[in-house]
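Notes follow the structure.
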Amino acid sequence: MSGPLVLAFETSCDETAVAVTEGTRVLSNVLSSQVDMHARFGGVVPEVAARAHVEAIRSLTHRALREAGVHPDSLDGIAATRGPGLVGSLLVGFSFAKAMAWSRGLPFLGVDHMEGHLFAPRLDFDDFRPPGVVLLASGGHSQVVLINGWGDYRVLGQTIDDAAGEAFDKLARFMGLGFPGGPAIDALSETGDPDRIRFPRALADRRYDFSFSGLKTSVVTTLEKARASGTLPSREDAAASIQEAIVDVLVQKTMNAVEDHGVEIVGGGGGVVANRRLRTRLEEEADRRGVGMFLPRPIMCTDNGAMIGAAAAFRLERGERTEWRAGVDSSMKL
Amino acid sequence: MRILGIDTATGASSVALVESRRLVASAGRTGSRDHDAFLIPAIDFCFAQAGWHPEELDGVVVDVGPGLFTGVRVGIATAQGLATMLGVPIMGASSLDALALRATTGHRYIWAVVDVRRGEVAVAGYQPVPGGAALDAPPELVGYQQFRGILESDAREILVVGDWEALPGSVLRGLRGVRTGMPRYPSADALAEMVVAKVGRGEFGHPREVRPFYMREPDVTLGSVHRREAGLWS
């Protein structure tokens with residue numbers, strides 16, 4: 001079973017990503033990461049991101065088509081992320097894609113970035129089929145989503161303040177580990193003791209919602225105090241303890257959703273799901289409950305064009321189109 | 001030569017189809033938001049008016065600024081998308097040049113002004129010549145009072161075109177020999193007119209050379225979280 005041949009763009013944040021997909025089959029998936037550009041600022045700078053997208057998109061498009069061995073004339077549709085994300089970044093991919101589609105009279109589809117992430121497990125696993133629960137955790141989002149069926153989603157819970165990836169980034173910056181913080185903390189934690197410091201796990205009384213701003217305050221206060229009294233733990237122990245606090249909450253809320261809704265399929269998406277400790281813990285908890293855990297490869301967890309192509313294929317097959325007069329929607333919701 | 005012009009660099013947006021030097025269809029509006037919602041419907045409308053098919057296009061020209069960063073990028077991304085798919089040349093042109101080309105004066109020296117916000121304007125001076133205007137020196141980014149200083153020290157009769165309404169009233173008040181005039185905004189038909197001869201002669205560069213002309217480094221505001229450059233363990 002193959003699906004429509006789609007050229008897909010993802011430019012919602014700091015990766016310019018282009019892919020060619022056929023249904024859920026990935027023919028090419030290329031990206032130009034801006035991590036190094038933003039590292040010196042300690043976070044993603046919107047204007048820097050938008051500038052980099054417009055520089056990269058044309059040549060990446062040629063590369064994606066070339067690697068897929070696909071001529072533009074054989075495409076069935078063109079898709080781009082419509083939101084949520086940074087408006088200046090979204091506009092580059094959306095405008096470019098829309099113009100391409102119009103010039104050949106091809107169907108155009110603006111895709112919800114979060115729906116793209118929901119399709120990522122499906123790209124790596126043929127047997128990832130709803131109903132299921134998906135944990136979406138990245139620098140911009142933290143959500144637990146129930147997939148009743150493709151196109152039928154319910155956001156069960158989300159962060160009430162910082163996203164999980166944002167917590168990693170901010171705490172890594174505080175610790176002097178640079179940007180992005182997730183991979184840095186992941187690496188240091190490998191040899192650290194996760195039980196060295198017990199940081200708070202917030203919102204224990206809510207089944208699915210997250211909060212990470214209290215953790216941030218607690219880490220800053222605890223480590224500053226320890227430093228002043230000469231009892232500063234090792235960087236490794238501090239990193240592992242922070243990671244454990246974040247991972248614990250993400251795993252717990254995801255498993256709450258699995259139990260409450262009786263699903264047998266669980267997936268993950270977003271850059272934080274590339275975290276090794278989170279992956280191990282999710283696998284363990286899924287095994288214990290006898291449910292299937294479908295965690296995409298890290299490259300499919302982070303922002304990519306293929307996930308947008310897969311989501312678009314599903315909607316194009318249902319006959320959906322995005323009108324030419326549609327604009328981006330930076331605060332789009334599932 | 002059939003050329004599509006796209007201009008979303010300033011407070012007004014426009015699209016134009018030009019054949020040789022004749023304007024065949026155009027659409028425009030004022031407002032500096034939602035360029036992405038305006039552009040393709042406007043282009044679609046113009047092609048319908050002209051009875052052209054996208055495949056019949058010989059080239060695309062886009063305003064690369066100076067101007068509003070987001071608008072410039074939407075214009076360039078749209079032009080790049082069209083040119084990539086249609087396999088036609090893409091060219092960039094300056095908003096200031098487009099203003100000067102349409103300035104209505106026979107003898108006055110022309111200063112073209114584009115508002116780039118944050119208290120600054122992009123300006124360039126042009127000598128009127130038969131059928132157009134010749135750029136004197138590369139565009140500059142100046143503060144309002146700095147622009148007044150430029151005009152004050154110029155003894156010639158001057159016509160200021162472009163975003164002069166964005167300037168505080170005091171900037172142009174009481175200046176001898178200085179007048180304000182049309183056009184207020186660059187236009188897609190002026191862009192197309194500027195390049196149509198070049199396309200005919202095959203004078204266009206590689207698409208990668210069509211890039212925004214920002215004239216200013218990005219604004220970088222660091223997060224509010226307390227930042228330890230060296231880290232806790234140093």
Exactly one of A:V144, A:V87, A:V155, A:V134 is within 30 Å of B:G71 (Cβ to Cβ) and of a type outside the set (K, R), and that residue is A:V87
Filter result (of a type outside the set (A, V, I, L, M, F, W, C), out of contact with any strand residue (DSSP E or B) (no Cβ under 9 Å at 6 or more places or on another chain) and closer than 13 Å to A:S95 by Cβ) within the stretch B:35-72: B:D36, B:T70
Does B:A166 meet the test of being away from chain A (no Cβ under 14 Å), at pLDDT below 95 and touching an Asp or Glu at 6+ places or on another chain (Cβ under 7 Å)? yes
Return only the number of the condition from (1) within 14 Å of another protein chain (Cβ to nearest Cβ); (2) touching a Phe, Trp or Tyr at 6+ places or on another chain (Cβ under 6 Å); (3) surrounded by fewer than 22 Cβ atoms within 10 Å (Cβ to Cβ) that A:F125 does not satisfy. (1)
Would you check if there is a residue in the stretch B:47-68 being acidic (D, E) and without any contact (Cβ under 8 Å) to a residue 60 or more places away in the chain? yes
List pairs: first in the stretch B:174-200 and without any contact (Cβ under 8 Å) to a residue 60 or more places away in the chain and of a type in the set (A, V, I, L, M), second surrounded by 14 or more Cβ atoms within 10 Å (Cβ to Cβ) and part of a loop (DSSP other than H, G, I, E, B), Cβ under 7 Å, 6+ apart or cross-chain? B:V178/B:L172
Scanning the stretch B:25-43 residue by residue, those under 16 Å from B:L191 (Cα atoms) and either more than 13 Å from chain A (Cβ to nearest Cβ) or among the basic types (K, R) (or both) turn out to be B:A25, B:S26, B:G28
When you check A:D112 against the structure, is it among the acidic types (D, E), surrounded by fewer than 24 Cβ atoms within 10 Å (Cβ to Cβ) and over 22 Å from A:A97 (Cα atoms), yes or no? no
Considering each of B:V15, B:V24 in turn, give the residue that is surrounded by 24 or more Cβ atoms within 10 Å (Cβ to Cβ) and at pLDDT 95 or above. B:V15
Which residue is nearest to B:R208 (Cα to Cα), if the candidates are limited to the stretch A:15-51 and must be hydroxyl-bearing (S, T, Y) and more than 14 Å from chain B (Cβ to nearest Cβ)? A:S33
What are the residues in the stretch B:169-225 that are in a helix (DSSP H, G or I) and under 24 Å from A:V92 (Cα atoms), if any? B:A188, B:D189, B:L191, B:A192, B:P207, B:R208, B:E209
Sort out which residues of the stretch B:137-155 are under 17 Å from B:H107 (Cα atoms) and modelled with pLDDT of 95 or more, and write them in order of number. B:L151
Residue pairs qualifying under the 7 Å Cβ cut-off, at least six apart or on distinct chains, with the first in the stretch A:79-106 being more than 7 Å from every other protein chain (Cβ to nearest Cβ) and the second being of a type in the set (D, E) and surrounded by 22 or more Cβ atoms within 10 Å (Cβ to Cβ), are A:T81/A:E10; A:G93/A:E10
Considering only residues that are buried (at least 24 other Cβ atoms within 10 Å of the Cβ) and assigned to a loop (DSSP other than H, G, I, E, B), which ones fall in the stretch B:89-112? B:S94
So, A:H141, is that one modelled with pLDDT under 95, buried (at least 21 other Cβ atoms within 10 Å of the Cβ) and away from chain B (no Cβ under 14 Å) or not? yes
Test A:D205 against the criterion of being surrounded by fewer than 15 Cβ atoms within 10 Å (Cβ to Cβ), more than 14 Å from chain B (Cβ to nearest Cβ) and either out of contact with any Leu (no Cβ under 8 Å at 6 or more places or on another chain) or of a type outside the set (V, I, T) (or both), and give yes or no. yes
Of all residues making up the stretch A:74-107, the number that are surrounded by fewer than 24 Cβ atoms within 10 Å (Cβ to Cβ), touching a helix residue (DSSP H, G or I) at 6+ places or on another chain (Cβ under 8 Å) and among the aliphatic types (A, V, I, L, M): 3
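The values are calculated or read from the model by the stated rules, or taken from the named source; none is laboratory data. All values derive from a computational prediction rather than experimental measurement. Cβ sites come from the backbone with ideal geometry, for glycine too, and all protein chains shown count toward neighbours.
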